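Student: Below is a structure I'd like to ask you about.
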Amino acid sequence: MRIAMIGTRGVPARYGGFETAVEEIGRRLAEAGHGIRVYCRGGDRSSHYLGMRRTRLPALKHPITETLSHTALSVAHLALHRTDVALVFNAANAPLLPVIRASRIPVAVHVDGLEWKRAKWGPNGRRYYLANERLAVRLADELIADAVGIQDYYRDRYNAGSVFIPYGAAIQKECDAAELLKLGLHPNSYHLVVARLEPENHVDVIVKGYAMSNAVKPLIVVGSVPYRSEHEKLVKELARQDSRIRLVGGVWDSNLLDSLYAGAATYLHGHSVGGTNPSLLRAMGAGASVIAWDVNFNREVLGDHARFFSTPAALAHAVSAAETEPDEATAQGEAARQRAIDLYDWDDVATRYESLCRELNNRERVRGHRSQNR
């Protein structure tokens, strides 16, 4: 099949969960013999990556218009370069679905998390994202949910069925200590946060809670945002008040990032509005002891193999407990890694996407015939 993957920053994956999914799924589908075209933006001008064809197009550099402007150009290109199936990531791109449908290309939309709940959007932005959810429900041949909680949301709010396909987790059993030395770190000597510095990821709560703790090991914060952000400014101000807290910005070196996850005493996860979060799965696959924001999506992924928090005080207690009870923290991390092995395998994820694409291409899944029980 010829499969187009639309709506992300593209590959190589250097930003977030959608990009990671596109890279992991796309390269496996390419290895299986399918023709994969990924629509990309950014400075990388290479024509191919891991067997996938890269189509690089520009975008308006603005938090609100960047995604939709790039997707509009991508869909225009798609209309002139037909494909068998289109996979659209992010319900925010739903206004472009009529063009894809007019081109008679079967389309599935990966709806992601509850974007309208993100604090960076004002009332108009929230209404816009809710309207796009409704458009996706009406116009997509299939909806893809990466978490059961997202399935429940679309069923309860829109009486709409969806297919559940989670993200996968990379499994690693060892930490490369030499990689950690690039940042002057050693295995099991630090607590870790990896997140975009946005309000719904609660990095400010994590920093406040850590500052309240009696932790000896430093807090390493990996992350940034690609635009001016008051929340990022707040996190930096809070971090300056405690010498144990170190902000290292974005880390795009995959080997170093893998080592950071694998060498962490704990991984602190504050994400609250997404579905199955790739950074959380990466930490689980590395055997990190997880302390996560107490929300249904995170509990769905972690089960009983984590500590949870929703206040700075609860985070402080969990971090302190992880340092005073290291054996328990280690066992918790090992159990989480086994859960990732059992439930979040990228090969299985890619196989499920392949099956979905075959059904779309064969017109076995069409708009108006989604079962809410699926």
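The values are calculated or read from the model by the stated rules, or taken from the named source; none is laboratory data. Predicted model only: the values in this text are computed from it and were never measured. Note that we place each Cβ from the backbone using ideal geometry, even for glycine, and neighbour counts take in every protein chain shown. For accessibility, only protein heavy atoms count, side chains too; no ligands or nucleic acids. Shrake-Rupley method; radii C 1.70, N 1.55, O 1.52, S 1.80 Å.
Student: For the range 279-321, what does the alpha-carbon gyration tensor say about shape, rounded, prolate or oblate, given a ≥ b ≥ c as the root eigenvalues, a/c under 1.5 as rounded, and a/b over b/c as prolate?
Tutor: Judged from the Cα gyration tensor, the range 279-321 comes out oblate (a/c at least 1.5, b/c at or above a/b).
Student: Given H placed 1.01 Å from N in the peptide plane, which residues other than close sequence neighbours of Ala292 have an amide H under 5 Å from its amide H?
Tutor: His269, Arg307, Phe308, Phe309
Student: Which one is right for this structure if Rg and Dmax of the Cα atoms in Å is calculated from it: (1) 21.3, 77; (2) 33.4, 104; (3) 20.4, 61?
Tutor: Computed from these coordinates, Rg and Dmax of the Cα atoms in Å corresponds to label (3).
Student: What part of the accessible area of the range 101-245, given as a whole %, is carbon or sulfur when the probe is 1.4 angstrom?
Tutor: 50 percent
Student: Then there's this: How would you classify the range 145-267 from its alpha-carbon gyration tensor, with a ≥ b ≥ c the square roots of the eigenvalues: rounded for a/c under 1.5, else prolate if a/b is greater than b/c, otherwise oblate?
Tutor: Here the range 145-267 falls in the oblate category.
Student: I'd like to check one number: the per residue accessible area of the chain, probe 1.4 Å, reported in Å² as a whole number.
Tutor: It amounts to 42 Å² per residue over the chain.
Student: Mind checking which of Gln241, Gln332, Gln151 has the largest fluctuation in a GNM of the chain, springs on alpha carbons under 10 Å?
Tutor: Gln241
Student: For a quick protection proxy, order the peptides 182-192, 336-346 by their average other-Cβ count within 10 Å, most packed first.
Tutor: Descending mean neighbour count gives 336-346, 182-192.
Student: Lys/Arg Cβ at +1, Asp/Glu Cβ at -1, dipole of the range 119-204 taken about the Cα centre: which of Ala170, Val194, Tyr154 is farthest positive-ward?
Tutor: Tyr154
Student: Nearest 500 deg cm²/dmol is fine: what mean residue ellipticity at 222 nm does the chain get from its DSSP H runs of n ≥ 4 alone, each adding -39,500 (n - 2.57), divided by its residue count?
Tutor: Helices in the chain give a 222 nm mean residue ellipticity of -13000 deg cm²/dmol.
Student: Could you pull out the trypsin sites (Lys or Arg not before Pro) across the range 30-117 that fall in loop regions by DSSP (anything but H, G, I, E, B) with no more than 10 other Cβ atoms inside 10 Å?
Tutor: Arg45, Arg104
Student: Which residue, Gly16, Gly33, Gly249, has the most motion in a Gaussian network model of the chain that connects Cα atoms within less than 10 Å?
Tutor: Of Gly16, Gly33, Gly249, the Gaussian network model singles out Gly33 as fluctuating most.
Student: Which one, His305, Val290, Ser272, projects farthest toward the positive side of the charge dipole computed for the range 263-374 from Cβ point charges (K/R +1, D/E -1)?
Tutor: Selected residue: Ser272.
Student: First check a/c for the range 71-229, with a ≥ b ≥ c the square roots of the eigenvalues of its C-alpha gyration tensor; if it is under 1.5, answer rounded, and if not, answer prolate when a/b is larger than b/c or oblate otherwise.
Tutor: prolate
Student: Ordered by residue, what ³J(HN,Hα) values in Hz, to whole numbers, does the range 295-305 give under the Karplus form 6.51 cos²θ - 1.76 cosθ + 1.60, where θ = phi - 60° and Gly and Pro are x?
Tutor: 9, 4, 4, 5, 5, 4, 6, 8, x, 9, 9
Student: If I take every Cα pair under 8 Å that is 6 or more residues apart in the chain, average their sequence separation and divide by the length, what percent do I get for the relative contact order?
Tutor: RCO, the chain: 17 percent.
Student: Roughly how far apart, in whole Å, are the Cα centres of the range 65-118 and the range 1-48?
Tutor: 14 Å
Student: While we're on this one: Can you give the relative contact order of the range 10-103 as a percent, counting alpha carbon pairs under 8 Å and 6+ residues apart?
Tutor: 19 percent
Student: Next up: Magnitude of the Cβ-charge dipole of the chain, K/R +1 and D/E -1, about the Cα centre, nearest 20 debye?
Tutor: 1760 debye
Student: Which percentage, to the nearest 5, of the DSSP beta bridges contained in the chain is antiparallel?
Tutor: The antiparallel fraction comes to roughly 5 percent.
Student: Here is a further query. Taking amide H atoms as placed 1.01 Å from N in the peptide plane, list the residues 5 or more away in sequence, or in a different chain, whose amide H sits under 5 Å from that of Tyr49.
Tutor: Arg54
Student: Quick one: angle between helix 346-361 and the longest Cα principal axis of the chain, in degrees between 0 and 90, rounded to 10, please.
Tutor: Value to nearest ten degrees: 20.
Student: For the range 1-98, what value does the Rg/Rh ratio take when both radii are computed over Cα atoms and Rh is the Kirkwood radius, given to two decimals?
Tutor: 0.93
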